[in-house]
1. Can you tell me which residues in segment 111-138 are outside any loop (DSSP other than H, G, I, E, B), more than 13 Å from F91 (Cα to Cα) and not aliphatic (A, V, I, L, M)?
2. Of the residues in segment 125-140, how many are surrounded by fewer than 22 Cβ atoms within 10 Å (Cβ to Cβ) and closer than 22 Å to V101 by Cβ?
3. Condition (residue is more than 30 Å from M132 (Cα to Cα), at pLDDT 85 or above and basic (K, R)) applied to segment 52-67: is it met by at least one residue?
Amino acid sequence: MAYIRCTSCNESNPVTSEYQTFCQECNAKLEPNYQSWLLQNPGKTFQEFVQYCERRNTGGHSDVTAHQARTGTHSGAIIYRRQEPMAIAGFVLGLVSIVLVGFITGILAIIFSSLGLQKIKKNPELLAGRGMAIAGLVLGIINVALPVVAILFAVSLLQGFSLFFW
């Protein structure tokens, strides 16, 4: 199967029709699409465009399958995986929660990182950012657990002191 990689969101769009011009993910114009390729290659057919896209996806190696090209399991294929935005948001919120010691941002870091990990797990060949999602999850958990432990410690200290004063 031939794919056209979107230059805006890095999504792999399968070549399904000669009228396909826009990315399925972000609706940006795909380059090359069949119409623009036809202007540079007059008299060529859609099947030749599909073959051109396959050669382009595999780095010119005809023995590379489309799956190998998408997953980067062949040394000649150059694959760009898109960073999962939820993983990035979870990591940033985890850092912010540590710097600002924000309980709510810690909870948000846990939520966003978990959602990012779920999306990456569903589509690992196209999405990256697992490490950032895990880091955001750990930072969020630390920042949510730290205030809870501090409150429990303070309460136990106060109860301990109250024994001496009553």
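The values are calculated or read from the model by the stated rules, or taken from the named source; none is laboratory data. Not measured: the values here are computed from a predicted model. Every residue, glycine among them, receives a Cβ derived from its backbone with ideal geometry; neighbour counts consider all protein chains shown.
1. Q118, K119, K121, K122
2. 3
3. No; the residues of segment 52-67 include none that is more than 30 Å from M132 (Cα to Cα), at pLDDT 85 or above and basic (K, R).
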